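Notes follow once the structure below has been shown.
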Amino acid sequence: MNNTAFVTILRFVALVILQVVIFSNINFLGYLNPYIYLLFIILFPFDKDNRILFIFSAFLLGLAIDMFSDSGGVHAAACVFVAYFRPLMMRSVFGVSYDYHNIKIEKTYFGQRINYLIILILTHHFVLFSLEIFSFAHILLILKKTLFSAIFTLIMCLIFISLFSRKST
């Protein structure tokens, strides 16, 4: 097992444990939770050869969160949706000619990083809350939960990325 696979598996397990034990129990203002497990999808090493593995890993990530939070598959569906469309999101933020094999989120420009995180997090949260609430009558609640949870998640993701990125000197 190479170093990248070991780090990816360790990140998967650590993020699931952190989400289930700590972050799912944060109920800021009654309903806002940061979904820090998205860092797995954000930081997963991209390679065109392992796209199926990536989508399957995203499914397992969402399924693990669903099993611990008893949420009926909404996290798995949102994770698979975001994992499937991640190349499109990356292409829209980093450009068509960007070399996907060398993307390191901590080494990108801050504006690109913020745009990428915002698009990915908002997409995930909108799918998650749409499936969770599943009613057009509550579209304002869906949008409110999406926006405020996305802001909370974005702040937490930026903190984690800056804390755990490898500093090159």
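The values are calculated or read from the model by the stated rules, or taken from the named source; none is laboratory data. In this text, all values refer to a predicted model and were calculated from it rather than measured experimentally. So basically every Cβ, Gly included, is an ideal-geometry build from the backbone, and we count neighbours across all protein chains shown.
Gly73 - would you say it is surrounded by fewer than 19 Cβ atoms within 10 Å (Cβ to Cβ) and either within 14 Å of the chain's Cα centre (by Cα) or not polar (S, T, N, Q) (or both)?
On the way: surrounded by fewer than 19 Cβ atoms within 10 Å (Cβ to Cβ): yes; either within 14 Å of the chain's Cα centre (by Cα) or not polar (S, T, N, Q) (or both): yes.
Spelling it out, Gly73 is indeed surrounded by fewer than 19 Cβ atoms within 10 Å (Cβ to Cβ) and either within 14 Å of the chain's Cα centre (by Cα) or not polar (S, T, N, Q) (or both).
Does Phe152 satisfy the criteria of being surrounded by 15 or more Cβ atoms within 10 Å (Cβ to Cβ), within 20 Å of Leu43 (Cα to Cα), touching a strand residue (DSSP E or B) at 6+ places or on another chain (Cβ under 6 Å) and at pLDDT below 95?
On the way: surrounded by 15 or more Cβ atoms within 10 Å (Cβ to Cβ): yes; within 20 Å of Leu43 (Cα to Cα): yes; touching a strand residue (DSSP E or B) at 6+ places or on another chain (Cβ under 6 Å): yes; at pLDDT below 95: yes.
The answer is yes for Phe152.
Can you find even one residue in region 26-38 that is in contact (Cβ under 8 Å) with a residue 24 or more places away in the chain and in contact with a Lys or Arg (Cβ under 8 Å, 6 or more places away or on another chain)? Step through it out loud before you land on a result.
Of region 26-38, the ones in contact (Cβ under 8 Å) with a residue 24 or more places away in the chain are 28-29, 31-38.
Checking the rest, the ones that are also in contact with a Lys or Arg (Cβ under 8 Å, 6 or more places away or on another chain) come to 31-32.
There is at least one residue in region 26-38 that is in contact (Cβ under 8 Å) with a residue 24 or more places away in the chain and in contact with a Lys or Arg (Cβ under 8 Å, 6 or more places away or on another chain).
In this structure, is Asn2 more than 25 Å from Arg113 (Cα to Cα) and surrounded by fewer than 17 Cβ atoms within 10 Å (Cβ to Cβ)?
Working: more than 25 Å from Arg113 (Cα to Cα): yes; surrounded by fewer than 17 Cβ atoms within 10 Å (Cβ to Cβ): yes.
Against the criterion (more than 25 Å from Arg113 (Cα to Cα) and surrounded by fewer than 17 Cβ atoms within 10 Å (Cβ to Cβ)), Asn2 qualifies.
Got a number for residues in region 155-168 being surrounded by 15 or more Cβ atoms within 10 Å (Cβ to Cβ) and over 14 Å from Leu32 (Cβ atoms)?
Within region 155-168, the subset surrounded by 15 or more Cβ atoms within 10 Å (Cβ to Cβ) is 156-157, 160-161.
Among the residues that remain, those that are also over 14 Å from Leu32 (Cβ atoms) are: 157, 160-161.
Residues meeting the conditions: 3.
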